[in-house]
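Q: Sharing a structure, written as structure tokens. Questions coming.
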Protein chains: 2
Amino acid sequence: MATRSRSRGPVREMLRARPGKRPLNLDERGASKTPGVNKATAAAEGARDAKILRDLQERLYAEDRRAVLLVLQGMDTSGKDGTITHVIGNVDPQGVHIRGFGKPTPEELRHDFLWRIRRALPPKRFIGIFNRSHYEDVLVVRVKRLAPKSVWSKRYDAINAFEREVSASGTTIVKICLRISYAEQGERLLARLRDRTKWWKFNPADLGDRARWREYMAAYEDAIAKCNTEAAPWYVVPSDKKWYRDWAVTRILIETLEEMDPRYPEPQFDVAEELARTKKTIAKTPPR
Amino acid sequence: MATRSRSRGPVREMLRARPGKRPLNLDERGASKTPGVNKATAAAEGARDAKILRDLQERLYAEDRRAVLLVLQGMDTSGKDGTITHVIGNVDPQGVHIRGFGKPTPEELRHDFLWRIRRALPPKRFIGIFNRSHYEDVLVVRVKRLAPKSVWSKRYDAINAFEREVSASGTTIVKICLRISYAEQGERLLARLRDRTKWWKFNPADLGDRARWREYMAAYEDAIAKCNTEAAPWYVVPSDKKWYRDWAVTRILIETLEEMDPRYPEPQFDVAEELARTKKTIAKTPPR
């Protein structure tokens, strides 16, 4: 259970968002850094960390009392899908509850922006993953002026109240911004266009968002600053290096689950009695 | 794409249910057999098969036109959960749509037995997994007399019509019965009771089903015989050996997907033009 016996401190402390303080966090240069680990060490720890995460998830599932919600945000190509594949892909698929949020449907638009989010919350015992989230309603909505400032500027408070409620109901929220640099996004878009098995992931509209990079970063900075609560903390994970991104998200989940410390439940039956009953049925062939 | 270059024939042909013909299929002795492969070969093929399945799933997802529905049935401890962990755990969790069916809720009971099933069908591009299914309505319902024969006996035709409709709508159905022996189930129940991290999986009521083993087998035999259509074939996978079960289910899924042959879609944009547009944006820092 204790996996903290190493010289580095908790990754959650290291990567907790510190809006306004730029050395590592939201600036362009931070995206390619790899604080706390080098590639060889991350690779060496990978298999062990995957198993630790798998075991913690099984305990969360068995306990059947609480949930985790991992909110993934980031610019196009920042690796939201890749993180789900490589980090969440390590745990039991039956304990995972993934929901993605694209452009709202006409029905969704007839409701408050949190309506579709509430419906997508993970049930207890699950690790829920939001691939994009309610934060789009203060990111793309703001940058592309899909709603007036009078509307989106009130949403930070609404989000904090919502997240407080979710957290109080037994769902631990972990919000991660996958931070890539403008330069790295350019390389990844080119790579997509050069590989025909990746064309389906390319959307010409992504270049429009790319042109508004600084506006997006300002919107991220605000969202993270205004909604970086104890009940629902933001982490900024440098994501130019995919191996670092996967290592860091895994560690953040592990530290979160270790703190929750889910337990196998006490049996609701008499174990010795059931063992005796079962032993009586042991036979090569079923009873007639 | 072609991975059929081996001496054995298709696993689907080998394990296709043959009700009434007992040498391999539904009898007790069949459960521990390992037709078509030995343990060493299955282990050697495991990593390669996992990658083949992952690639096929990505093509299904990218194609965005069709779906697969894997129906898993089997007695308690037959390995439905384990199959999902070890087979489905190898593909991208974002392309997987898992639904389990327990005792119907009061709301579900106010509807036709297929109501909750229809709502749980995978959307196109997904591999859906049913952990138990509408077959419970001709298995447990029949064995425990939860409905009169006049009700459950009409359901085979209803199931066939339903599955025909699902198949015609673009969802390829694969139904797998995980066949364990009565003796093996006894061992697995004892193992659960001897490991406190497994107690949460044990339900004393399972022993009641175990006592009705022959009735269940008769109900399975009927369900498989009556609903073993070309549109929705049944496979019987000997599952006393977990390594065999995982190998066989993986091969059945691979063969099914290879026959479907999903293709990456043609791009909905001019690739050269987008490449040129993207190249123009390449820079170390974002535009002001």
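Q: Scan the stretch A:234-245 for residues that are open to solvent by less than 10 Å² (accessible area, probe 1.4 Å) and among the hydrophobic types (A, V, I, L, M, F, W, C) and jot them down.
A: Across the stretch A:234-245, the qualifying residues are A:TRP234, A:VAL236, A:VAL237.
Q: May I ask you to say which residue of A:THR85, A:THR77 is within 19 Å of A:TYR220 (Cβ to Cβ), at pLDDT 95 or above and of a type in the set (Val, Ile, Thr)?
A: Numbers: A:THR85 fails: within 19 Å of A:TYR220 (Cβ to Cβ).
Exactly one of A:THR85, A:THR77 is within 19 Å of A:TYR220 (Cβ to Cβ), at pLDDT 95 or above and of a type in the set (Val, Ile, Thr), namely A:THR77.
Q: In the stretch A:253-267, what residues are within 14 Å of chain B (Cβ to nearest Cβ) and hydroxyl-bearing (Ser, Thr, Tyr)?
A: Across the stretch A:253-267, the qualifying residue is only A:TYR264.
Q: Pick from the stretch A:173-200 the residues that are in contact with a helix residue (DSSP H, G or I) (Cβ under 6 Å, 6 or more places away or on another chain) and not aliphatic (A, V, I, L, M): which of them is surrounded by the fewest Cβ atoms within 10 Å (Cβ to Cβ)?
A: A:LYS198
Q: Which members of the stretch B:127-147 meet the condition of being touching a Ser or Thr at 6+ places or on another chain (Cβ under 9 Å) and over 13 Å from B:LEU69 (Cβ atoms)?
A: Selection gives B:VAL138, B:ARG142.
Q: Give the residues of the stretch A:147-164 that are charged (D, E, K, R), within 26 Å of the chain's Cα centre (by Cα) and part of a helix (DSSP H, G or I), sorted by residue number. Lay out the reasoning, then the answer.
A: Restricting attention to the stretch A:147-164, the residues satisfying the condition of being charged (D, E, K, R) are A:149, A:154-155, A:157, A:163-164.
Subsequent filtering for residues that are within 26 Å of the chain's Cα centre (by Cα) retains A:154-155, A:157, A:163-164.
The answer is A:ARG155, A:ASP157, A:GLU163, A:ARG164.
Q: Could you figure out which of (1) under 23 Å from A:THR278 (Cα atoms); (2) of a type outside the set (Asp, Glu); (3) at the interface with chain A (Cβ under 10 Å from one of its Cβ atoms) isn't true of B:ALA218?
A: (3)
Table: residues versus (1) within 14 Å of chain A (Cβ to nearest Cβ); (2) part of a helix (DSSP H, G or I); (3) surrounded by fewer than 16 Cβ atoms within 10 Å (Cβ to Cβ).
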| position | (1), (2), (3) |
| --- | --- |
| B:ALA223 | no, yes, no |
| B:ALA232 | no, no, no |
| B:TRP247 | no, yes, no |
| B:ARG251 | no, yes, no |
| B:PHE269 | yes, no, yes |
| B:THR278 | yes, yes, no |
| B:THR281 | yes, no, no |
| B:THR285 | yes, no, yes |
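Q: Any chance you could count how many residues in the stretch A:5-27 are open to solvent by 50 Å² or more (accessible area, probe 1.4 Å), closer than 18 Å to A:TYR216 by Cβ and modelled with pLDDT of 60 or more?
A: So the count comes out to 1.
Q: Inspect the stretch A:154-177 for any residue being out of contact with any strand residue (DSSP E or B) (no Cβ under 6 Å at 6 or more places or on another chain) and within 14 Å of chain B (Cβ to nearest Cβ) and give the result as yes or no.
A: No, that holds for no residue.
Q: Being out of contact with any Cys (no Cβ under 8 Å at 6 or more places or on another chain), more than 23 Å from B:ARG212 (Cβ to Cβ) and basic (Lys, Arg) narrows it down to one residue among B:LYS103, B:LYS124; which is it? Let's see the steps before the verdict.
A: Values: B:LYS103 fails: more than 23 Å from B:ARG212 (Cβ to Cβ).
That would be B:LYS124, the only listed residue that is out of contact with any Cys (no Cβ under 8 Å at 6 or more places or on another chain), more than 23 Å from B:ARG212 (Cβ to Cβ) and basic (Lys, Arg).
Q: Give me the residue from the stretch B:204-213 that is without any contact (Cβ under 8 Å) to a residue 12 or more places away in the chain and in a loop (DSSP other than H, G, I, E, B) and, out of that set, farthest from the other protein chains (Cβ to nearest Cβ). I'd like the intermediate steps shown before the answer.
A: Step one: filter the stretch B:204-213 for residues without any contact (Cβ under 8 Å) to a residue 12 or more places away in the chain, giving B:204-205, B:208, B:211.
So of that shortlist, the ones also in a loop (DSSP other than H, G, I, E, B) come out as B:204-205.
Values: B:PRO204: 5, B:ALA205: 10 Å.
Among them, the one singled out is B:ALA205.
Q: Another question, if that's okay. Looking at B:ALA168, B:ALA120, can you tell me which residue is under 23 Å from the mean Cα position of the chain (by Cα), among the small types (Gly, Ala, Ser) and more than 26 Å from B:ASP76 (Cβ to Cβ)? Before the answer, list the steps.
A: On the way: B:ALA120 fails: more than 26 Å from B:ASP76 (Cβ to Cβ).
Of B:ALA168, B:ALA120, the one residue that is under 23 Å from the mean Cα position of the chain (by Cα), among the small types (Gly, Ala, Ser) and more than 26 Å from B:ASP76 (Cβ to Cβ) is B:ALA168.
Q: Name every residue in the stretch A:54-78 that is in contact with a Leu (Cβ under 9 Å, 6 or more places away or on another chain) and away from chain B (no Cβ under 13 Å), in order of residue number.
A: First, the residues of the stretch A:54-78 that are in contact with a Leu (Cβ under 9 Å, 6 or more places away or on another chain): A:56-57, A:59-60, A:66-70, A:72-78.
Within the stretch A:54-78, A:ARG66, A:ALA67, A:VAL68, A:LEU69, A:GLN73, A:GLY74, A:SER78 meet the criteria.
Q: Then there is this: Here are B:GLY95, B:GLY89: which of them is in contact (Cβ under 8 Å) with a residue 24 or more places away in the chain and among the small types (Gly, Ala, Ser)?
A: On the way: B:GLY89 fails: in contact (Cβ under 8 Å) with a residue 24 or more places away in the chain.
One residue alone meets the criteria, B:GLY95.
Q: Please specify each residue of the stretch B:28-65 satisfying the condition of being small (Gly, Ala, Ser), open to solvent by 50 Å² or more (accessible area, probe 1.4 Å), closer than 29 Å to B:GLY95 by Cβ and more than 20 Å from the chain's Cα centre (by Cα).
A: If we filter the stretch B:28-65 for residues that are small (Gly, Ala, Ser), which is where we start, we get B:30-32, B:36, B:40, B:42-44, B:46-47, B:50, B:62.
Now narrow it down to the ones that are open to solvent by 50 Å² or more (accessible area, probe 1.4 Å): B:32, B:40, B:43-44, B:47.
Cutting the leftovers down to closer than 29 Å to B:GLY95 by Cβ gives us B:43-44, B:47.
Across the stretch B:28-65, the qualifying residues are B:ALA43, B:ALA44.
Q: Can A:ASP261 be described as surrounded by 19 or more Cβ atoms within 10 Å (Cβ to Cβ) and within 30 Å of A:ARG65 (Cα to Cα)? Give the steps one after another, and end with the answer.
A: On the way: surrounded by 19 or more Cβ atoms within 10 Å (Cβ to Cβ): no; within 30 Å of A:ARG65 (Cα to Cα): yes.
Considered against the rule, which asks whether it is surrounded by 19 or more Cβ atoms within 10 Å (Cβ to Cβ) and within 30 Å of A:ARG65 (Cα to Cα), A:ASP261 comes out as no.
Q: Additional query: Considering only helices (runs of 4 or more DSSP H) fully contained in the stretch B:70-135, which possess at least 3 residues that are over 11 Å from A:PRO93 (Cβ atoms) and open to solvent by 20 Å² or more (accessible area, probe 1.4 Å)? Show your work before the answer.
A: On the way: elements: B:80-86, B:106-109, B:115-119.
Output list reads B:106-109, B:115-119.
Q: Show the residue pairs meeting these rules: Cβ distance below 7 Å; 6+ apart or different chains; first residue within the stretch B:263-288 and closer than 27 Å to A:GLU215 by Cα; second residue surrounded by 11 or more Cβ atoms within 10 Å (Cβ to Cβ) and acidic (Asp, Glu).
A: B:THR285/A:GLU28
The values are calculated or read from the model by the stated rules, or taken from the named source; none is laboratory data. All values derive from a computational prediction rather than experimental measurement. Every residue, glycine as well, gets a Cβ built from its backbone with ideal geometry; the counts of neighbours run over all protein chains shown. Just the protein is used for accessible areas: all its heavy atoms, side chains included, with ligands, DNA and RNA removed. Shrake-Rupley method; radii C 1.70, N 1.55, O 1.52, S 1.80 Å.
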